[in-house]
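No lab work stands behind these numbers, since they all come straight from the coordinates. Everything numeric here is computed off the predicted structure, so don't read it as measured data. Neighbour counts are summed over all protein chains in view; Cβ atoms, including those assigned to glycine, are modelled from backbone coordinates with ideal geometry.
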Amino acid sequence: MSRKVAIIGVGNSKFGVRDDALLQEIAFEAVKEALEDAGITQKEIELSVVGSVGTRMYEALPAVPVNEYAGFSGVGPIRVEAACATGSAAVFTAYNAIASGYVDVAIAIGVEKMCEVDTPTSTAVGGRGGNYLWEFHMFGTSFACYYAFYATAHMNKFGTTEEQLAMVAVKNHKYASMNPKAHFQREIKLEDALKSRIICWPLKLYDCCPISDGAAAAILASEDKVKEFRIEDPVWIAGIGYASDTSNIVRRPDYVGLSATVKAANMAYKKAGVEPKDVEVAEVHDCFTIAEIMAYEDLGFCKKGEGGKLIKEGQTYIGGRIPVNVDGGLKAKGHPLGATGVSMIYELTRQLRNEGGKRQVPLKKYIALAHNIGGTGHYGYVTILRR
Amino acid sequence: MSDAKKIENPTIMSRKLLFLHKIPILKTKKFWDGLKEGKIYATRCRKCGQTYYPPQADCSKCLASDMEYFEVANEGEIVTFVASYLVPQGFENYQIPYIIAIVKTSNELKLMGFVEGIDYKNIKVGMKVKIITKIQSDGFPAIIFIPC
């Protein structure tokens, strides 16, 4: 039988163009904050899991310098990769080590430096995250293209509009402007989003997340250690679901939702014993605005095809039926690939502890959900937390 | 996408590192040769009948490695499409916007390709296209969709 696993400490670096710091220096910011938050030192950590995609970086084995600089030795590291869902895979790996009884305290560190190369290089590296030989090699498919395929099909089938996509950006910029750790610090107007230049039609500049640097860390512990550390009322991992989809996008039946989301969510809901209506705050994978709209539907927050309506009605703002990405999301907080999934856990842990400040979501059941996609649904992770 | 902020903090340049890969195509050579001859090939497993596009030499379903090639139909309809203004490294000579579509052929396979001969604003999902191949000016092969 697997053991209960708690989240006892979280940290998050400032996200953005971090030309002031190296990979290990931004990871240090997140690790230090997480250790201080847990009230423990490096000595208590038995396993370190480092999530970093790393394909844009000059440091080929990023986990090693990250661990040395954070003052860990002899505790791994394990380096994990699941594209843009790498952070969730790191949390899952740390979770499994504790749930299985192998260790009692583990840290998941997510870190990515993306701004050290130019945009055409970053676009070409990112585009290889689909399938290189059969797609990027011939057609130069960037990640914006992949999500634009979904946007075109979703708009065609369900009548989702460019205005509804822009509404997601407006919401997420609003919350980013209230989050000092977010890449973007200003609100945007709907008209500006609609007038912004086309990146990959139908997606415009404000439909796309920025290219960001950043790190996040989460310390996980067994129930015994929670008692030993005298941590009262921690946040627990209630269930994790995972799934995947084809590498070749042409082998998928349609382009209006991500089957990896549906499968991972069903698994997580079942493991946690909760239903979509029980979730009170969610972090969803909004690398592009269409991704947030599809996530509403595929996670069961609304019916398929009604995601555009949900944002139009304002139901995903604080005070709405299901507040989503109240830290700014990938869209405006930034999306440093390896850090994103861990940063979602950072935000939700703080929300569940009522430490959200101006962005605090009112909670009754204390159930939160993180949804993290790698590639275009090539990987899917859904993590449910409760307190 | 990229933040317009200029580099302000002191930085140093890394050593140069260039990757160019030699990609083995032995097991799908007929496909790559076909593109030069205006033909697009998919494969079908002789043991279980599973079809594959892109073509592959081994059957992911039944694990047999006995494939036959067959030609993809030269007509289909657009399932979804995009018009990209991004220029990834390696595509500097391509005219923007380039239109990429996923097309379902009359023999029920889906292909990716460039759409040519039409402004993207005039393209509709469901539009019928002819499917051809082309060698681009940079020597790379491509699949092209021409609206009927």
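Averaging the sequence gap over all C-alpha pairs within less than 8 Å and six or more residues apart, then dividing by the number of residues, gives the stretch B:1-141 a relative contact order of 21 percent. Counting neighbouring beta carbons within 10 Å and listing from fewest to most, the residues A:TYR175, A:TYR58 come out as A:TYR58, A:TYR175.
May I ask for the net charge around B:CYS148, where only other residues with Cβ less than 9 Å from the Cβ of B:CYS148 are counted and Lys, Arg are +1 while Asp, Glu are -1? Computed value for this residue: +1.
Highest average first, the peptides A:106-112, A:162-168, B:123-129 ordered by how many other beta carbon atoms sit within 10 Å of their residues are A:106-112, A:162-168, B:123-129. With contacts taken as Cα pairs under 8 Å and at least 6 residues apart, the stretch B:73-148 reaches a relative contact order of 33 percent.
Highest mobility in the GNM of chain B, judged by mean-square fluctuation with C-alpha springs under 10 Å and restricted to B:PHE31, B:PHE19, B:PHE114, is found for B:PHE19. For peptide A:203-215, the mean count of partner chain Cβ atoms within 10 Å of a residue's Cβ comes to 2.
Helix A:143-158 axis versus longest C-alpha principal axis of chain A: approximately 60°, rounded to the nearest ten.
Once you reduce the stretch A:162-197 and the stretch A:135-159 to the center of their Cα atoms, the two points are 22 Å from each other.
With R₀ set to 30 Å, the beta-carbon distance separating A:THR41 from A:ASN266 gives a calculated FRET efficiency near 0.15. Within 10 Å of the Cβ of each residue in A:17-26, the mean number of Cβ atoms contributed by other protein chains is 2. Note on A:LEU23, A:LEU330: ascending count of other Cβ atoms within 10 Å places them as A:LEU23, A:LEU330, the fewest first. How would the protein assembly as shown be classified by its alpha-carbon gyration tensor: rounded, prolate or oblate, with rounded meaning a/c under 1.5 and the a/b versus b/c comparison settling the rest? Since a/c reaches 1.5 and a/b is larger than b/c, the shape of the protein assembly as shown is classed as prolate.
Between 0 and 90 degrees, the angle of helix A:289-298 with respect to the longest Cα principal axis of chain A falls at about 70 degrees. Of A:CYS115, B:CYS59, B:CYS48, A:CYS209, the sequence from fewest to most neighbouring Cβ atoms within 10 angstrom is B:CYS48, B:CYS59, A:CYS115, A:CYS209. Oblate is the label for chain B, because the ratio a/c of its alpha-carbon gyration tensor axes (a ≥ b ≥ c) is 1.5 or higher and a/b is not greater than b/c.
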